[in-house]
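The values are calculated or read from the model by the stated rules, or taken from the named source; none is laboratory data. What you are looking at is a predicted structure, and each value in this text was computed from that prediction instead of being measured. Cβ placement follows ideal geometry from the backbone for every residue including glycine, while neighbour counts extend to all protein chains displayed.
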Amino acid sequence: MSVLVLAGSIGAGKSTLAGIMSEELGTKVFYESVDDNEVLPLFYDDPQKYAFLLQIYFLNKRFDSIKTALAHDNNVLDRSIYEDSLLFHLNADLGRANDIEVKVYDDLLANMLEEIDGLKYKKKPDLLVHIKVSFDTMLKRIEKRGRDFEQIKMILHYTTITKN
């Protein structure tokens, strides 16, 4: 069997699909650290201040997950280290990270990817699936999910992104 990675925007359905795939294939699923993430609510309260900290938090969790998933067969990840740079640089483009933070992040990610490349076992997932949904669908799913910290702040956050 294989290591499968899902990618896509918030509210795309990554976690739902990962769970379905995992159950169908009899594999372990690695979910993104959200409910136990103490940095995420801080980010939604002040993205300018916490974007770098949040991305380092996620990068560390994603690095740990991909190393564990690659060490064993038959795993599904609902987000991975391979799309992390896109998310951080989007925040940087919105002015939520300065040049020093971008350099520190890029250097750290490069080191982590080198570490993965040096593993004795599998070095990359077998398949990355990108899930694409409309902006309206994304917003409806975020609202339906009901995480307090995501609601109006998330709508404003993505409205800012789509207007730039």
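Right, Ile142: surrounded by fewer than 17 Cβ atoms within 10 Å (Cβ to Cβ), out of contact with any strand residue (DSSP E or B) (no Cβ under 8 Å at 6 or more places or on another chain) and at pLDDT below 90 or not?
Details: surrounded by fewer than 17 Cβ atoms within 10 Å (Cβ to Cβ): no; out of contact with any strand residue (DSSP E or B) (no Cβ under 8 Å at 6 or more places or on another chain): yes; at pLDDT below 90: yes.
So Ile142 fails the test.
Every residue in segment 9-45 that is closer than 17 Å to Phe88 by Cβ and modelled with pLDDT of 85 or more, please.
Glu32, Asn37, Val39, Leu40, Leu42, Phe43
Under the condition of being more than 29 Å from Thr16 (Cα to Cα) and of a type in the set (Val, Ile, Thr), which residue from segment 65-124 is surrounded by the fewest Cβ atoms within 10 Å (Cβ to Cβ)?
Ile100
Looking only at segment 89-111, count every residue that is at pLDDT 90 or above, over 20 Å from Lys124 (Cβ atoms) and assigned to a helix (DSSP H, G or I) and tell me the total.
Let us first name the residues in segment 89-111 that are at pLDDT 90 or above, namely 89, 92-93, 95-111.
Adding the requirement that they be over 20 Å from Lys124 (Cβ atoms) leaves 89, 92-93, 95-105, 107.
Of the ones still in play, those that are also assigned to a helix (DSSP H, G or I) are 89, 92-93, 99-105, 107.
Number satisfying all stated conditions: 11.
Filter segment 71-81 down to residues that are at pLDDT 90 or above and not in a loop (DSSP other than H, G, I, E, B), then give me how many there are.
Looking only at that region, the number is 4.
Taking the conditions exactly as written (in a helix (DSSP H, G or I) and free of Cβ contacts under 8 Å to residues at least 12 places away in the same chain), does Asp64 satisfy them or not? Can you show your working first?
On the way: in a helix (DSSP H, G or I): yes; free of Cβ contacts under 8 Å to residues at least 12 places away in the same chain: yes.
Considered against the rule, which asks whether it is in a helix (DSSP H, G or I) and free of Cβ contacts under 8 Å to residues at least 12 places away in the same chain, Asp64 comes out as yes.
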